[in-house]
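The structure under discussion appears below in the form of structure tokens.
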There are 2 protein chains.
Amino acid sequence: MVPALDMWERPPFEPWIRDGWMYGRGAADMKAGLASNLFAIEALKHLGLRPAADAFFQSVVEEECAGNGALACLQRGYRADAALIPEPFGEKLVSSQVGVLWFQVRLKGLPTHVAYAGSGANAIEAAIPVFEALHKLEHRMNAPERRYHDHAGHNHALNLNIGKMKGGDWTSSVPAWCVFDVRMGLFPGQELGEMRRAIENAIHEAVRSQPFLAKNRPEIIYNGFAAEGYSLADDARPAAREARAALARAHTLVAGEPLRTEAITATTDDRFFGLYADTPALVYGPRAEAIHGLDERVYLDSVRHVTQSTALFIADWCGLEEA
Amino acid sequence: MVPALDMWERPPFEPWIRDGWMYGRGAADMKAGLASNLFAIEALKHLGLRPAADAFFQSVVEEECAGNGALACLQRGYRADAALIPEPFGEKLVSSQVGVLWFQVRLKGLPTHVAYAGSGANAIEAAIPVFEALHKLEHRMNAPERRYHDHAGHNHALNLNIGKMKGGDWTSSVPAWCVFDVRMGLFPGQELGEMRRAIENAIHEAVRSQPFLAKNRPEIIYNGFAAEGYSLADDARPAAREARAALARAHTLVAGEPLRTEAITATTDDRFFGLYADTPALVYGPRAEAIHGLDERVYLDSVRHVTQSTALFIADWCGLEEA
């Protein structure tokens, strides 16, 4: 889901190309990566070859809001020795990724005629100290001594985002309700339950001095993402090491330089494979800009590189046979 | 429009009576007053009498959000020597009322993937300094030296209310937009245009330090109320003086004590009659609590008093003849 489609330079669902970049809604995240997967299999076919082992192509839903699509694949019994997820991280291998928690906060207010606004409790404005408390928590969580070692170079790996808000029914009444939706990151190894408790404490602490809310406590609902962090780099299982090495060989052959790695500040579906299915998952895809934003774009040469690396990785990992 | 109907003690559209109070949505504002108008005419009829001059009963729409219903009556040519508006202000005559301005503020943000939240501009959180600036303006406008003399006893006659807010499309994107609706009061004699300029200056000043909003200026839309203040007490026309005196006589007879007056912090439709139609409008109605709020109620004995005063006022102002 990308907002503000009317703020694009050109209509977001009519792709266009400029200076080697393809623009369009979802062009980079993640049509380009999925296309490069398909192109790689197609390229082998054009050479009269096919993988000598099973290769599944799975294009899943919900990658952006829960990961339930990838989870459903695993739940249906699909298994592999390795997975490749072509998220657009600039031809780098994702070494570690953060976890993501979504939650909704519901605040009540005391509605009253605005002529006597002082006697009411404004549910919209009551959110302001809660935002502040959540950002303070975000700040604490990003402190150098709390960082996951692979994220040590990120000053602010864990982002807290107030993403949606709605409140009040009528301009001349003190609003009786307000709801807002928040996304918070967490490091690999950090427990979801621990983060939930920290969030709840911050929120309840923030409203303690508001007489109405102290009695009508905020409701906190966990919806969507409940994703733990994951580190492929720290996955010491042999399959993980072998998969990383195979992709590194393929990439080096195509790019003429070693495969670089990156600890990212978003989550991807690879946590399911790595944490719950004993399957190393390599996140490796093309170079993109402004994903989820205005004028999202992908660099087409990079899509070619990733296609080539992917074909070589399949050849290496599965072996090839005549089609 | 009253919000949060599920927060009432009992279902708001099933009226109930306790300790002489009738509870229900709109029971006080303003079904009770309108009922007392009808009861007064009915009471005269039961006595075999009727007003010796034309008496119009008009129940108008939009009283709470624009006043266009009353304005439409005048625009269609209805005229009177005096008007009586039974707003529930505790059997007191409204001596002066504030004006009300509604406006909507639209803020843009720079959407981006939350993994890079620092590079975006959160449209929801951008509202916080705007709220603050508006409340500072509210504070300045209520300063003792700015008060209308009839409102001098009110420490806070002009209320600014953030009544509604909405923003963002998706939890994991930095929100690209936010819209909120505001109600602001103004004193009799204060110009709407002057207040609009003060509001616009406050908003633009508040966002000047936000790089994205400084370039993408907030949009300010005036919708609904654009009501000037009005003072019946300072209306020196003879008809105004005579109407006040007639109501005072009627009330004193019923209540056994003089008619008290009140400068109110809300607006009513009487501004149209007083300012634009050369018609003194008396705002006088029953005793109420929690109008626009939870468990709105009207005191039934007070509805009886107002009915009696109204019948006597009609008798005095119009004279009576046999039906």
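Comparing Cα centroids, segment B:250-323 and segment A:39-62 end up 82 angstrom apart. Overall, the accessible surface of segment A:99-227 at a probe of 1.4 angstrom is composed of carbon and sulfur to the extent of 49 percent. In summary, the aspartates and glutamates within cross-link reach of B:K136, defined as a Cα separation below 14 angstrom excluding same-chain residues under 8 places away, comprise B:E200, B:E205. Each listed q (0.06 Å⁻¹) maps to a log10 I(q)/I(0) for the protein assembly as shown, found by the Debye formula over equal Cα scatterers with no solvent: -0.48.
Burial annotation for segment B:108-132: residues with an accessible-area loss of at least 50 Å² between the isolated chain and the complete set of protein chains, computed on heavy atoms with a 1.4 Å probe, are B:P111, B:H113, B:V114, B:A115, B:I124, B:E125, B:I128.
Considering only the other residues whose Cβ falls under 14 Å of the Cβ of B:P51, what net charge follows from Lys and Arg at +1 and Asp and Glu at -1? Please list the in-between numbers first.
Details: positive: B:K45, B:R50; negative: B:E42, B:D54, B:D81, B:D316, B:E321, B:E322.
Surrounding charge for B:P51 is -4.
Looking at chain A alone, DSSP beta bridges between its own residues are antiparallel in about 85 percent of cases. In this simple spin-label model, placing a label point 7 Å from the Cα along the Cα-to-Cβ direction at both B:R79 and A:A255 gives a separation of 8.5 nm. For A:L5, neighbours were defined as the other residues whose beta-carbon sits under 10 Å from its Cβ, and their charges (Lys and Arg +1, Asp and Glu -1) total -1.
Report the B-A buried area as the accessible area lost on both sides summed, probe 1.4 Å, in Å² to the nearest 100. Intermediate results must be reported in sequence, preceding the final value.
Values: alone 16560 and 16550 Å², together 28490 Å².
Roughly 4600 Å².
Computed 3J(HN,Hα) for segment B:291-301, one whole-Hz value per residue from the Karplus formula 6.51 cos²θ - 1.76 cosθ + 1.60 where θ = phi - 60°, is 5, 6, x, 7, 6, 3, 8, 10, 8, 5, 4, glycine and proline marked x. Cα extents for segment B:99-227 along the principal axes, largest to smallest and rounded to whole angstrom: 56, 26, 22. Of all accessible surface on segment A:238-308 at a 1.4 Å probe, what whole percent is carbon and sulfur? Carbon plus sulfur share of accessible area: 50 percent. The stretch between A:E191 and A:Y276 holds 29.1 nm of extra length on full extension. This uses 0.36 nm per residue minus the Cα-Cα distance. Once the partner protein chains are put back, segment B:171-189 shows a loss of at least 50 square angstrom of accessible area, versus the chain by itself, at B:T171 (probe 1.4 Å, ligands and nucleic acids excluded).
Site pair B:R50 and B:W16 shows an inter-label distance of 4.2 nm when each label is modelled 7 Å from Cα along Cα→Cβ.
Model label points for B:K215 and A:S59, set 7 angstrom from Cα along the Cα-to-Cβ axis, are 3.5 nm apart.
Please give the helix B:192-207 orientation as an angle from the longest Cα principal axis of chain B, in degrees from 0 to 90, rounded to the nearest 10. Helix B:192-207 sits at roughly 30 degrees to that axis.
The helix-only estimate of mean residue ellipticity at 222 nm for the protein assembly as shown, built from DSSP H runs of length n ≥ 4 each weighted as -39500 (n - 2.57), is -9500 deg cm²/dmol after division by the residue total. When DSSP beta bridges are restricted to pairs lying wholly in the protein assembly as shown, around 85% turn out antiparallel. Taking every residue in B:257-266 and counting other chain Cβ atoms within 10 Å of its Cβ, the average works out to 1. Taking a straight Cα-Cα cut-off under 29 Å and skipping sequence neighbours fewer than 8 places away in the same chain, the lysines within cross-link reach of A:K45 are A:K31, A:K92. Amide H to amide H, with H built 1.01 Å from N, B:S95 comes under 5 Å of B:E262, B:A263, B:I264, counting only residues 5 or more places away or on other chains.
Peptide B:155-162 has a mean of 5 when you count, residue by residue, the C-beta atoms of other protein chains within 10 Å of its C-beta. Accessible area per residue for the protein assembly as shown, computed on protein heavy atoms with a 1.4 Å probe, is 44 Å².
Shown for B:L275: label points 7 Å from Cα along the beta-carbon vector, and their distances to the equivalent points in the other copies, 6.1 nm in ascending order.
Taking a ≥ b ≥ c as the square roots of the Cα gyration tensor eigenvalues, segment B:1-159 comes out prolate, since a/c reaches at least 1.5 and a/b is larger than b/c. Taking chain B as a Gaussian network of alpha-carbon nodes connected by springs under 10 Å, the highest mean-square fluctuation of the residues B:K136, B:K45, B:K215 belongs to B:K215. The listed peptides A:239-252, A:122-135, ordered by packing as a protection proxy, come out as A:122-135, A:239-252 (highest mean of other Cβ atoms within 10 Å first). Over all orientations, segment A:59-106 has a Cα convex hull whose mean projected area works out to 5.1 square nanometres. Other residues lying with their Cβ under 13 Å from the Cβ of B:G118 contribute a combined charge of -2, Lys and Arg counting +1, Asp and Glu -1.
The values are calculated or read from the model by the stated rules, or taken from the named source; none is laboratory data. Quick caveat: nothing in here was measured; it's all calculated off a predicted structure. Every residue, glycine as well, gets a Cβ built from its backbone with ideal geometry; the counts of neighbours run over all protein chains shown. Accessible surface areas use protein heavy atoms only, side chains included; no ligands, DNA or RNA. Shrake-Rupley method; radii C 1.70, N 1.55, O 1.52, S 1.80 Å.
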